[in-house]
Amino acid sequence: MDFSKLHSNIISIIENKTLKRDEKLLAICELLNQNVPYYNWVGFYFANHETQTLHLGPYVGAPTDHTVIPFGKGICGQVAVSNNNFVVPDVSAQDNYIACSFTVKSEIVVPLFVNGINIGQIDIDSHEIDPFTSEDERFLEFVNQQVAQLF
Ligand code: SME
């Protein structure tokens, strides 16, 4: 997968003067979902540090019941606490995992930092087993660095 060609699209969305922030986030989800064949669900969760919960933001893919996730719970909740990327090649091998759909086989979550604070994350589910590489991590870190400018 050549992610470099998506960099300019991401920057155009971020710099768009007419879209509101959530519209930009949704446009990024759509861009990723449409251009990366194994990105089957793409969404953002945002942290409420007072209540220690994550809240679903803009997303593309199957609707999920998991619109609020406590810190520590599931892959997303663990990233809220660890501040580290979490790549799950095979979700069936995870104990602390929140299943959204039986079609999901793997997941990647990359935290979103604004001024060094973990304010949320981008979450991607795939219907393929073990599709994610370090290139996905570097690309999603780039996406989140761009998104951070919106906050
Ligand atoms: N699987 C996630 C829950 C969110 S859904 O993937 C949209 C988790 O274990 O945190």
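The values are calculated or read from the model by the stated rules, or taken from the named source; none is laboratory data. The structure presented is a predicted model; accordingly, all values stated were derived computationally and were not measured. Please note: Cβ atoms are built from the backbone with ideal geometry, for glycine as well, and neighbour counts cover all protein chains shown. Just so you know, the surface numbers come from the protein's heavy atoms only, side chains and all, with ligands and any DNA or RNA stripped out. Shrake-Rupley method; radii C 1.70, N 1.55, O 1.52, S 1.80 Å.
Just add up the charged neighbours of Ile124: K/R +1, D/E -1, any other residue whose Cβ is under 9 Å from the Cβ of Ile124.
Values: positive: none; negative: Glu107, Asp123, Asp125, Asp136.
With Lys, Arg at +1 and Asp, Glu at -1, the net is -4.
Please work out the Cα center distance from region 18-33 to region 104-138, rounded to the nearest Å.
Here the answer is 17 Å between Cα centres.
Under a point spin-label approximation (7 Å from Cα along Cα-to-Cβ), what is the Ile129-Thr67 distance to one decimal in nm?
Reported label-point gap for Ile129 and Thr67 is 3.5 nm.
Using the basic label-point model (7 angstrom from Cα toward the beta carbon), what is the His7 to Ile117 distance in nanometres?
3.0 nm
Which lysines have a Cα less than 29 Å from the Cα of Lys20, not counting those fewer than 8 places away in the same chain?
Lys5
Mind grabbing the accessible area of Asp65 for me, 1.4 Å probe, Å², rounded to tens?
The accessible area of Asp65 comes to roughly 150 Å².
With a/c under 1.5 counting as rounded, go ahead and sort region 4-150 into rounded, prolate or oblate using the C-alpha gyration tensor (a ≥ b ≥ c being the square roots of the eigenvalues; past the cut-off, prolate if a/b is larger than b/c, else oblate).
Since a/c reaches 1.5 but b/c is at least a/b, the shape of region 4-150 is classed as oblate.
Probe 1.4 Å, all protein chains in place: accessible area of Ile14 in Å², nearest 10?
For Ile14, the solvent-accessible surface is approximately 10 Å².
With all protein chains present, how much of the accessible area of region 4-150 (probe radius 1.4 Å) comes from carbon and sulfur, to the nearest whole percent? Before the final figure, lay out each step's value.
Details: 3650 of 7260 Å².
The nonpolar share, carbon plus sulfur, comes to 50 percent.
Compute the label zone of Val81 within region 108-140: residues whose backbone N is under 18 Å from the point 7 Å along Cα-to-Cβ.
Only 109-112, 118-121 fall inside the zone, counting backbone N under 18 Å.
For the chain, what does the helix formula give at 222 nm: sum of -39500 (n - 2.57) over DSSP H segments with n ≥ 4, over the residue count, nearest 500 deg cm²/dmol?
Values: 4 runs with 51 residues, N = 151.
Calculated at 222 nm, the ellipticity per residue is -10500 deg cm²/dmol.
With r defined as the distance between the Cβ atoms of Asp22 and Phe102 and R0 fixed at 30 Å, what FRET efficiency is calculated, to the nearest 0.05? Numbers along the way, then the final one.
Numbers: r = 29 Å, r/R0 = 0.97.
FRET efficiency, Asp22 to Phe102: 0.55.
Output wanted: per-residue J couplings in Hz (rounded whole) for region 116-132, from phi through Karplus 6.51 cos²θ - 1.76 cosθ + 1.60, θ = phi - 60°, x for Gly and Pro.
Couplings: x, 9, 7, 9, x, 6, 9, 10, 10, 9, 10, 7, 9, 7, 6, x, 8 Hz.
Leaving out ligands and nucleic acids, and using a 1.4 Å probe, what accessible area per residue does the chain come to in Å²? Each step should come with its number before you reach the end.
Numbers: 7540 Å² over 151 residues.
Computed with neighbouring chains in place, this is 50 Å² per residue.
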